[in-house]
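**Student:** This is the structure, below, for whatever I ask next.
The values are calculated or read from the model by the stated rules, or taken from the named source; none is laboratory data. All values reported here derive from a predicted model rather than from experimental measurement. Cβ atoms come from the backbone with ideal geometry, glycine included; neighbour counts cover every protein chain shown. We work out accessible area using only protein heavy atoms, side chains counted, and drop any ligands, DNA or RNA first. Shrake-Rupley method; radii C 1.70, N 1.55, O 1.52, S 1.80 Å.
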Amino acid sequence: MGPVNKRAIFGWAMYDWANSAFATAVMAGFFPIFFKEFWSAGVDPSLSTARLGVANSVAGVAVALSAPLLGAIADKGGVRKGFLLFFAYLGAVMTAALCLVAQGRWPWAIALYVLATVGFSGGNIFYDALLTQVAPEDKTHFVSALGYSLGYLGGGLLFAMDVVMVLNPRVFGFADATGALRFAFLSVGVWWMVFSLPLLFLVKEGRVSGEFEVKMVRAGLAQLVETFREARSLKPLFLFLLAYWLYIDGVNTVVRMAVDYGLSLGFKSQDLILALLLTQFVGFPSTIGFGYLGERVGAKVTILFAIGVYLALSLWGAFIHSRWEFYLVALVIGLVQGGLQALSRSYYAGLIPQDKSAEYFGFYNMVGKFAAVLG
């Protein structure tokens with residue numbers, strides 16, 4: 001690959017470094033804990049869990065319903081990168097605003113969290129679609145894995161720094177852990193914005209038209225209908241999306257609800273955060289390994305292996321009672337989760353036409369979000 005391609009790949013992969021801070025520190029880590037213990041203080045744990053589940057479902061439905069149309073518009077107008085940055089900065093600003101929500105104000109916390117999650121999930125539609133623009137066909141599996149692995153590392157680093165700050169608030173100038181947690185939400189928003197800049201400057205996308213116009217929406221709607229008909233006739237694509245809908249349901253549900261599940265079982269929040277950090281740092285090298293494995297033995301075989309491991313862990317997770325079991329489950333999930341996500345994305349990228357990548361990834365993300373609602 002030439003130097004221009006390497007720069008584009010680096011810029012693209014760094015967006016995963018940027019937005020994974022939200023997935024790790026907010027979605028999986030601090031938000032479930034702070035929501036249950038601060039914004040829903042005094043509320044029955046099962047009720048706060050239900051509220052969190054509904055919030056994730058609302059965000060999932062919002063993205064799922066709009067994803068294919070937005071993708072079609074982006075393809076017609078050549079504005080994948082523009083849409084990505086719009087959603088990214090929506091998510092970053094809403095995340096930073098969580099630091100302003102007072103104790104007991106759970107409706108405000110839910111509203112900002114839903115908007116932040118829409119920004120995170122909406123941005124990923126166009127981030128995934130740009131994979132076919134930056135990666136040579138024979139390197140798609142590795143480049144996809146590189147993005148996820150940098151996400152594990154970047155998200156894990158910021159999360160680790162925030163955890164140290166929360167556990168030692170006075171060292172960092174905060175009166176208590178609550179003040180440090182508030183600042184953690186602000187730090188994620190700033191991190192997300194700053195590390196989106198490499199994608200802005202290093203990834204180039206040819207524009208189809210000079211400005212966003214109403215006719216792009218009409219053209220997008222027409223293309224959406226055409227692509228839906230086309231997708232139904234492509235048997236491998238249809239079967240993969242059906243399978244993806246089934247297995248990514250489990251992955252998304254574990255990612256978003258594992259910490260809340262641990263709290264409901266009576267584990268301490270510090271134990272759950274350490275388990276999440278373990279998952280992040282194990283995920284960095286193992287996801288790179290899955291990228292190489294996908295190129296050597298094939299993505300399909302590797303995906304099936306990861307699904308098998310996930311299935312066994314999910315069944316075990318229903319019966320765990322001790323802290324060491326939770327740590328062990330977290331460790332093994334860290335070994336397979338990133339690889340499963342990365343190879344699913346690159347395998348799908350090989351099934352779709354490149355000139356309609358945003359729209360087809362709109363369908364891909366729509367399937368994933370509806371699966372998250374059921375989860």
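**Student:** Assuming 0.36 nm per residue, please report the length gained on full extension of the stretch L315 to D355 beyond their Cα-Cα distance.
**Tutor:** 10.3 nm is the gain from fully extending L315 to D355.
**Student:** Separate question: Calculate what fraction, in whole %, of the accessible area of the chain sits on carbon and sulfur atoms when a 1.4 Å probe is rolled over the protein chains.
**Tutor:** 70 percent
**Student:** For Cα pairs less than 8 Å apart in space and 6+ apart in sequence, what is the mean separation divided by the residue count of segment 31-114, i.e. the relative contact order in percent?
**Tutor:** Across segment 31-114, relative contact order equals 46 percent.
**Student:** Still on this structure: How large is Rg over Rh for segment 40-193, taking Rg from the Cα atoms and Rh as the Kirkwood inverse mean of 1/r across Cα pairs?
**Tutor:** Reported Rg/Rh, Kirkwood definition of Rh: 1.03.
**Student:** By per-residue mean of other Cβ atoms within 10 Å, what is the highest-first order of 18-24, 86-92?
**Tutor:** Highest-to-lowest ranking by the protection proxy: 18-24, 86-92.
**Student:** A further question follows. How large is the accessible surface per residue of the chain, computed with a 1.4 Å probe and reported in Å² as a whole number?
**Tutor:** 42 Å²
**Student:** In what sequence, largest accessible area first, do F305, F240, F174 appear using a 1.4 Å probe?
**Tutor:** Output order, biggest surface exposure first: F305, F174, F240.
**Student:** While we're here: Separation between the K6 and R323 pseudo-spin-labels, each 7 Å from Cα along Cα→Cβ, expressed in nm?
**Tutor:** Placing both labels 7 Å along Cα→Cβ, they lie 4.6 nm apart.
**Student:** Any idea of M257's accessible area? Nearest 10 Å², probe 1.4 Å.
**Tutor:** For M257, solvent-accessible area is about 40 Å².
**Student:** Additional query: Using only alpha-carbon positions, what ratio does the radius of gyration of segment 306-365 give when scaled by 2.2 N^0.38 Å?
**Tutor:** Normalised Rg, Cα atoms only: 1.54.
**Student:** Pop the C-beta distance of S264 and A175 into the FRET formula with R0 = 35 Å and round what comes out to the nearest 0.05.
**Tutor:** E between S264 and A175, to the nearest 0.05, is 0.75.
**Student:** Sticking with this structure for a sec: Kirkwood hydrodynamic radius, computed over distinct alpha-carbon pairs, for the chain: how many Å, to one decimal?
**Tutor:** 20.8 Å is the Kirkwood radius here.
**Student:** When all alpha-carbon pairs of segment 269-340 are counted, what percent fall beyond 18 Å?
**Tutor:** 41 percent
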